[in-house]
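Q: Okay, handing you the structure first.
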Amino acid sequence: MRNEGSYHRAPTEAPPAPTGCPVQHEWDPLSVEYLADPYGISHQLRDDSPIFYSEALGYVVINRMEDIIHVFNDPDIYASTNVQDPVFPLSNSAAEILAVEDFNPVAVMSNRPEPDHGRIRVYTQAGFSNRRLKELEPYVRRRSHELIDAMLTTGSPVEFIDAFAFPLPGETVFRFIGFPETDDEMLKVWCGERKAFSWGKTNEEQQATIAEHMLAYWRYCRDFVASKRDDRGEDFASELIDAHEADNDEITYREVESIVYGLSFAGHEAVTNLICNCLWTLLSRRDQWDQVCADPSLINNAVEEVLRFESSQISWRRVTTEPTTLHGVELPQGTKIFMNFAAANRQPDLFHDPDSFDIHRSNANRHISFGRGIHFCLGAKMARFEARIVLEVLAERLPSLELVAGQEFVSFPNITFRGPEQMMVAWD
């Protein structure tokens, strides 16, 4: 599907287990049981074997915080180049769609190795400055109130994701980039499908449809960036074009296009999940929601505890660039690594009573949900910023908010992103 250095790379068949590595024949991160509750299963996996090879996934899985941090902190040996790639080989029809000459985004941030990653990050990190978030805050607050007004007009109960948690993060990142509001609905569909493409397991028909939409979205991003060259605004895309024109050796035009292409998903899906997981955990524990409503200063730590206890991202990936040894297992070059955040974030020697949710936990922010090292999640600041504002506004406007009784937490089948597909809420 792509040449080395481009944004997505079609995976090949999984290699066999490394010699001497324990093998898990049954564990599957896409199983119904694991999707329903990865934490209890991960607890057992971590206790049984800190490292093992998953036959279902074709990856070496690591389960302990210290090993995950070690991998994050050694990007020369454990490269990030596979994090946007599909987990499983593509169908011929999807591969043909994405083989067209003009589908050519390049790796830029999460999947770009050094030294280029550091060069590009200088420009992308500037876009997430405190100044820009401060400029965005009135929009996020205003839009949050508008969405709540619409919920109140509709009346209790409502499906919260469609009513609030899906539109707000998408619209926020689209305004941040500079996309026009008239394109929001089309863009949300295109971006949402990336989760299934890169982290799920789809059939041939689904893959082909998603591939068509990815191609359409890439072409949209290219046309949008081209339009911004002659019509700058107070937005991130304009800042990137300014940086490119100031020094096109430091950030290329294709890199500008590719940052726009990649950022919209990264700033959308995971934040929707985080907002939902915040409400799911807090409203399930009425005493803690009431404390947040009474004292909004608790919200920052509450968000950190959600990121630890019920993270919107429960794994990430790496691939070895050379032979190495990890937790006593010799790994050949090209070994794919699955970092199991669900196990590490509830490690009992790091977190007291790890399976309890506690907004007062003193070390809640020691979670691994945003990664570590040079690839620490660029959008972490924005995700926390949006979640904080949403909880502040909801606590002020709808303190009686509650989950409709009897519903289940059902997450979209994928290996990394976790959040409910539907969430019914009600209020007095």
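Q: Which ordering of GLU193, GLU255 is given by a fewest-first count of other beta-carbon atoms within 10 Å?
A: Ordered by Cβ neighbours within 10 Å, fewest first: GLU193, GLU255.
Q: How big is the antiparallel share of DSSP beta bridges in the chain, given as a percent to the nearest 5?
A: 80
Q: Hey, how many Å between the Cα centroid of region 274-312 and the Cα centroid of region 158-205?
A: For region 274-312 versus region 158-205, the Cα centre distance is 24 Å.
Q: Oh, and also: Using per-residue counts of other Cβ atoms within 10 Å, averaged over each peptide, order 210-216, 87-93 from highest down.
A: The densest-packed peptide leads the list: 210-216, 87-93.
Q: List nothing, just return the count: lysine pairs in region 23-426, 8 or more apart or interchain, with Cα separation under 26 Å.
A: Lysine pairs meeting the criterion: 10.
Q: Which log10 I(q)/I(0) values does region 201-315 give at q = 0.10, 0.22, 0.23 Å⁻¹ under the Debye formula, counting every alpha carbon as one identical point scatterer?
A: Log-scaled intensity ratios, in q order: -0.54, -1.09, -1.15.
Q: Using a Förster radius of 25 Å, what is the FRET efficiency between ASN248 and ARG219 based on their Cβ-Cβ separation? Nearest 0.05, please.
A: Between ASN248 and ARG219 the formula returns 0.65.
Q: Sort MET65, MET186 so the one with the fewest other Cβ atoms within 10 Å of its own Cβ comes first.
A: MET186, MET65
Q: Taking the dipole about the Cα centre of region 91-191, with the C-beta of Lys and Arg at +1 and of Asp and Glu at -1, give me whichever of GLY178, CYS191, LEU98 is farthest to the positive side.
A: Going by the Cα projections, it comes out as GLY178.
Q: Which order do PHE357, PHE52, PHE376, PHE197 fall in if you start with the one that has the fewest other Cβ atoms within 10 Å?
A: PHE376, PHE357, PHE52, PHE197
Q: If you don't mind, there's one more thing I want to ask. Place a +1 charge on the Cβ of each Lys and Arg in region 23-426 and a -1 charge on the Cβ of each Asp and Glu, then give the dipole magnitude about the Cα centre in debye, rounded to the nearest 20.
A: That gives region 23-426 a dipole magnitude of about 700 debye.
Q: Distance between the C-alpha centers of region 370-428 and region 14-30? Whole Å please.
A: Cα centroid to Cα centroid, the span is 32 Å.
Q: So for region 190-238, considering every pair of alpha-carbon atoms, how many percent are separated by more than 16 Å?
A: Looking at region 190-238, the distances longer than 16 Å represent 49 percent of pairs.
Q: In nanometres, what is the gap between the two model label sites at THR325 and GLU114, each 7 Å from Cα along Cα-to-Cβ?
A: With each label placed 7 Å out from Cα toward Cβ, I get 2.4 nm.
Q: Run lengths n ≥ 4 of DSSP H only: what is the helix-derived mean residue ellipticity at 222 nm for the chain, with -39500 (n - 2.57) per run over all residues, to the nearest 500?
A: Theoretical 222 nm ellipticity from helices: -14500 deg cm²/dmol.
Q: Using Cα pairs under 8 angstrom and six or more residues apart, how large is the relative contact order of the chain, in percent?
A: Reported as a whole number, the value is 25 percent.
Q: For ARG142 paired with GLU96, estimate the spin-label separation in nm (one decimal), with each label point 7 Å from Cα along the Cα-to-Cβ line.
A: Placing both labels 7 Å beyond Cα along the Cβ direction yields 4.8 nm.
Q: Take the alpha carbon gyration tensor of region 45-85, find the square roots of its eigenvalues, order them as a ≥ b ≥ c, and report rounded if a/c is under 1.5; if not, report prolate when a/b exceeds b/c, else oblate.
A: Since a/c reaches 1.5 but b/c is at least a/b, the shape of region 45-85 is classed as oblate.
Q: Still on this model: 7 Å from Cα along Cα→Cβ at both ALA226 and ARG286: what's the point-to-point distance in nm?
A: Modelled inter-label distance: 5.9 nm.
Q: Hey, another quick one. For region 23-426, what mean projected area does the convex hull of the alpha carbons give, in nm²?
A: 19.7
Q: Which of SER369, SER198, SER156 moves most in a GNM of the chain, Cα contacts under 10 Å?
A: Greatest mean-square fluctuation among the candidates belongs to SER156.
Q: Region 229-254 to region 75-94: how many Å between their Cα centroids?
A: Between the Cα centres of region 229-254 and region 75-94 lies a distance of 28 Å.
Q: Something else now. Per 5 Å bin from zero, what fraction in whole % of the C-alpha pairs of region 314-364 is there, up to the bin with the longest pair?
A: That works out to 5, 17, 19, 16, 13, 11, 10, 7, 1, in percent per bin.
Q: What order do you get for 20-32, 294-306 when each peptide is scored by the mean count of other beta carbon atoms within 10 Å, highest first?
A: 294-306, 20-32
Q: Return the Rg/Rh ratio of region 268-401 with Cα-based radii and a Kirkwood Rh.
A: 1.06
Every number here is computed from the coordinates shown, using simple stated rules; none is lab data. What you see is a predicted model; the values in this text were computed from it and never measured. When we count neighbours, we look across all protein chains shown, and the Cβ atoms used for this are built from the backbone with ideal geometry, even at glycine.
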